[in-house]
Amino acid sequence: MAERVAILGVGMHPWGKWGRNFVEYGLHAANEALADAGLAWRDIQFVSGADTIRNGYPGFVSGATFAQALGWTGARVTSCYAACASGATAIAAARAQILAGLSDVALVVGADTTPKGFFAPVGGERRDDPDWLRFHLLGATNPTYFALYARRRMELFGATEADFAAVKVKNARHGAANPNARYRTEVTAGEVLASPVVADPLRLLEICATSDGGAAVVLSSMEFARRHGHRRPVTVAAVSTVTPRFPQTVIEMPNFATDSAVATSGEPGPTFRQSIARAAYEEAGIGPEEVDVAEVYDLSTALELDWYEDIGLCKEGEAEKLLRDGDTAVGGRIPVNPSGGLSSFGEAIPAQAIAQVCELSMQLRGQASGRQVEGAKVGVSANQGLFGHGSSVLVTR
Amino acid sequence: MNPAKTQVPAQPGWFTLDPEAPALLGSRCRKCGTIAFPAENAFCRNPDCQSTEFDQHALSRRGRIWSYTDARYKPPVPYVATDPYQPFCIAAVELADEKMVVLGQMVAGVEAGDLAVGDEVELVLDTLHEDDAHEYLVWKWRPVRPRKEGRG
Ligand SMILES: [Zn+2]
């Protein structure tokens, strides 16, 4: 079981379509996290940036970019890119630095400025890049893959369009109470089902948008936390950033095909999404039955239902029942996405996995006004991106 | 297809141009038999296999739909969309012999309402996009059985 590190401070720039430089959002979030931790920027020994690939060179070296914006202090620095898991990977780098005893206190920052509409691949003709090729040869956007999973779920487990709409209604209600969310109005199932189909069976209101936003956390050793008067901080109990296992038999963005299972025998192992949270539970020595609140990557409404099963909140095929019983709404047995989720935020890629940890921290401190999960002591996040990157962070208090 | 234009593959080397029975071209590991599409000739994906020798492997031309969707809105560049835009379906198709799932567009005229998980489909070549002199061909899936009455 790994030692804990303390989450001393959290900070966010509200999500939206602000059209400003991503560095501004990161800086805002960083300063908020430092203030929340009761620390000055000069106290930070290690800076870990989560990169954005749509904002030129400063985005590829985000750790240094944020450090320069805060003012060079000679702090140690790293920059991480891992698609949607970039933020958790930046947290993992800072946590490892602290657990190794190389630094006492670290700042993790991720921020993004996004273009309008579908995520398109990086420009140029790149015939050796599957991400470029899937757009060119198939016209396969990200919602294409989300819709394939959604249809499969309907086929296997009897999920209905009404179930998918109910996920949106729940998350919109949660997000309406969150000042950092981009969409803060409740919606009805009727409104969801009246929105146009984008990729059958998914509708416009069921697919997450792309947003500008920034998130930051200050992490420290437990010793440092005590010395600085944080008597009962929220802690990171585990960070999982595992790869898939061969053969990966679920089609994943941006691939054209799954692995072939001809060379392997026996029962298939866990799917990629299942293995992500499982590794976090194992590292922390905490089981899914102990979880009080979860933040999962609802790139689509249907995908949120897949996550209920993949992070162990229920057995395979039982997610619809959990939803229909109201268990995953705030006030229910195991609330999921009390922040409002991607549904209410829209994806700001490098900030998103950090924002999940910010929300869980606020929940565990009892500071999630209007959407508080009463008495929450254990929280889990789950996230999945392109090319075999995904993450899960377990926090406890 | 347009006979006045030169037909070229939209992605050379990924499929045969056999007009009657085209096939996707993957790779097959000489040591463990792992198949990959697109072809992977530099390494084997099997973590327990260090082979560096691969044969070209034509994938099965028929499979069953694992899942499907459509694209109601025009995908961004580098997709070359028709003008006016015509929505199309995309299917993930399970190949029994290869034990893998392969994506492809469905041929024009098929709507999501026509499809069901488990339906049998067959690989064909079709136009992806055209310029003044060329017609760029790509693989697509075509339903094997005729469309059901009253399902679009
Ligand atoms: Zn092999």
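Laid out as a table, the results:
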read-out: Nonlocal amide H pairs with A:Val262, under 5 Å, H built at 1.01 Å; value: B:Ile35
read-out: Estimated dipole of region B:60-143 in Debye, rounded to 20 [Cβ of Lys and Arg +1, of Asp and Glu -1, Cα centre]; value: 300 debye
read-out: Shielding by other protein chains, B:80-91, mean Cβ within 10 Å; value: 2
read-out: Peptide ranges A:70-77, A:15-22 listed from the most packed, as the mean C-beta count within 10 angstrom indicates; value: A:15-22, A:70-77
read-out: Integer Hz, Karplus 6.51/-1.76/1.60 couplings in order for region A:343-348, x for Gly and Pro; value: 3, 9, 9, x, 8, 10
read-out: Cα shape, chain B, gyration tensor, a/c 1.5 rule; value: oblate
read-out: Gyration tensor (alpha-carbon) shape descriptor, region A:211-253, a/c threshold 1.5; value: oblate
read-out: By average C-beta atoms within 10 angstrom, highest first, the peptides B:107-116, B:42-51, A:121-130, A:342-351; value: A:342-351, B:107-116, B:42-51, A:121-130
read-out: Axial C-alpha extent at least 24 Å, average Kyte-Doolittle at least -0.5 - helices from chain A (DSSP); value: A:349-365
read-out: Selected from A:Leu219, A:Leu323, A:Leu107 as most flexible by GNM, with chain A as the system and alpha-carbon contacts under 10 Å; value: A:Leu323
read-out: Charge context of A:Gly370, other residues only, Cβ under 12 angstrom, K/R +1, D/E -1; value: +3
read-out: Residue-averaged beta-carbon neighbours from other chains (10 angstrom radius) around B:94-104; value: 6
read-out: Low-density loop cleavage sites - trypsin sites (Lys or Arg not before Pro) in region A:306-346, where at most 11 other Cβ are within 10 Å (DSSP); value: A:Lys315
read-out: A:Glu24 paired with A:Arg54, simple spin-label distance in nm, labels 7 Å along Cα-to-beta-carbon; value: 1.7 nm
read-out: Other-chain or far-sequence residues with amide H under 5 Å of A:Ala237's (modelled H); value: A:Leu394, A:Val395, A:Thr396
read-out: For chain A, share of DSSP beta bridges that run antiparallel, in % to the nearest 5; value: 65 percent
read-out: Alpha-carbon centroid distance for the pair region A:209-235 / region A:312-371, whole angstrom; value: 19 Å
read-out: Total charge dipole magnitude, chain A, about the Cα centre, Cβ charges on Lys, Arg, Asp, Glu only, Debye to nearest 20; value: 880 debye
read-out: Shape category assigned to the protein assembly as shown from the gyration tensor of Cα positions, a/c cut at 1.5; value: prolate
read-out: Calculated from backbone phi, Karplus (6.51, -1.76, 1.60) coupling profile of region B:70-81 in Hz, x at Gly/Pro; value: 9, 10, 6, 10, 4, x, x, 3, x, 5, 9, 8
read-out: Highest-first arrangement of A:183-189, A:137-143, A:368-374, where packing means the average Cβ count within 10 Å; value: A:137-143, A:368-374, A:183-189
read-out: Percent RCO, i.e. relative contact order, over chain A, from Cα pairs under 8 Å lying at least 6 residues apart; value: 25 percent
read-out: Approximate spin-label separation A:Ala189-B:Arg145, in nm, with each point projected 7 Å along Cα-to-Cβ; value: 3.2 nm
read-out: Inter-label distance, nm, simple model (7 Å from Cα along the C-beta direction), A:Arg76/A:Phe387; value: 2.6 nm
read-out: Rounded FRET efficiency, nearest 0.05, which uses the C-beta distance separating A:Thr243 from B:Asp48 and R0 of 22 Å; value: 0.90
read-out: Number of partner chain Cβ atoms within 10 Å, mean per residue of B:43-56; value: 2
read-out: Qualifying chymotrypsin sites (Phe, Trp or Tyr not before Pro) in region B:77-152, DSSP loop, other Cβ atoms within 10 Å at most 13; value: B:Tyr85
read-out: Net charge, B:Phe88 excluded, C-beta distance under 11 Å - Lys, Arg +1, Asp, Glu -1; value: 0
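Read-outs throughout are calculated quantities, based only on the coordinates presented, and are distinct from any laboratory measurement. Here the structure is a predicted model, which is why all the values come from computation and not from measurement. Glycine gets a Cβ as well: all are built from the backbone with ideal geometry, and neighbour counts include every protein chain shown.
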